[in-house]
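Q: Can you read through this structure? Questions will come right after.
Coordinate-derived values only; no laboratory data. Keep in mind that this is a model prediction, so the values were computed, not measured. Here Cβ is always computed from backbone atoms with ideal geometry, including for glycine, and neighbour counts include all displayed protein chains.
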Amino acid sequence: MRLVILGGSGSGKSTQAQRLCSHFAVPQISTGEILRDVVSGDKPLDGIYGDLKELSRYAKPYMVKGELVPDDMIIRLIQSRLKKSDVSCGWILEGYPRTAFQAEELDFLLDELEQKLDWAIYLQVSEAVMVSRSLGRSLPDDQPEIVQRRVEVFYDRTVPILEYYDRRRRLLTINGEQSPESVLQNILTLLIKSVTS
């Protein structure tokens with residue numbers, strides 16, 4: 001199973017990505033988590049991300065302002081990750097793509113790797129829910145002005161991605177305001193229906 005999880009800050013992307021990874025026994029690839037690790041320097045980057053150490057110097061200024069890290073940096077990061085052996089049976093991408101250009105680049109990369117995206121899952125929540133959930137977390141970059149900026153960037157950049165996947169009949173939209181258990185159940189129900197239809 002190869003899935004992309006889309007949604008704004010606080011929409012439950014990480015929670016659902018983790019649960020789906022457990023369900024399908026595939027690795028989770030979270031660009032937000034990777035970038036936080038790269039920028040904070042808390043985790044050693046040899047191994048999976050050894051070739052991305054210089055990324056931290058360039059990514060940090062964007063992240064502290066709540067801006068999106070430029071496409072070329074993120075695309076390099078994803079290329080590096082999807083070429084590792086542990087993802088040969090599938091993966092769940094969380095936090096990527098964040099622009100229609102990245103979505104297109106991901107398709108080109110998957111063609112090159114002879115892989116195919118099964119679905120893009122959009123966790124739809126209101127702006128108020130995005131803000132309140134984000135402010136309720138204790139991540140260092142969840143400051144009110146940064147959260148508000150991320151919400152604005154999300155609306156600006158995400159609608160074209162949803163249109164991109166919708167045109168390719170690869171989009172599943174889920175109400176992300178329900179309990180995490182209900183959201184997971186709805187995702188699994190739609191995935192099963194899509195396989196049998």
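Q: Can you give the extra length, in nm with one decimal, that the chain gains between residue 167 and residue 115 once fully stretched, where that is 0.36 nm per residue apart less the Cα-Cα distance?
A: That pair, residue 167 and residue 115, stretches by 16.8 nm at full extension.
Q: Taking R0 as 22 Å, what's the FRET efficiency between residue 189 and residue 15 from their Cβ-Cβ distance, rounded to 0.05? Please list the in-between numbers first.
A: Numbers: r = 17 Å, r/R0 = 0.79.
Approximately 0.80, to the nearest 0.05.
Q: Counting each DSSP H run of 4 or more residues in the chain as -39500 (n - 2.57), what helix-only mean residue ellipticity at 222 nm follows after dividing by all residues, to the nearest 500 deg cm²/dmol?
A: Taking each H run of at least 4 residues, the total per residue is -17500 deg cm²/dmol.
Q: Okay, moving on. Of 158, 97, 21, which is farthest on the positive side of the dipole of the chain, counting Cα position, with +1 on Lys and Arg Cβ, -1 on Asp and Glu Cβ, and the Cα centre as origin?
A: Of the options given, the answer is 21.
Q: Right, here's the next one. Please report the relative contact order for the chain, taking Cα pairs under 8 Å with a sequence separation of at least 6, and give it as a percent rounded to a whole number.
A: 34 percent
Q: Any idea what the relative contact order of the range 84-197 is, in percent, if you count C-alpha pairs under 8 Å spaced at least 6 apart?
A: 33 percent
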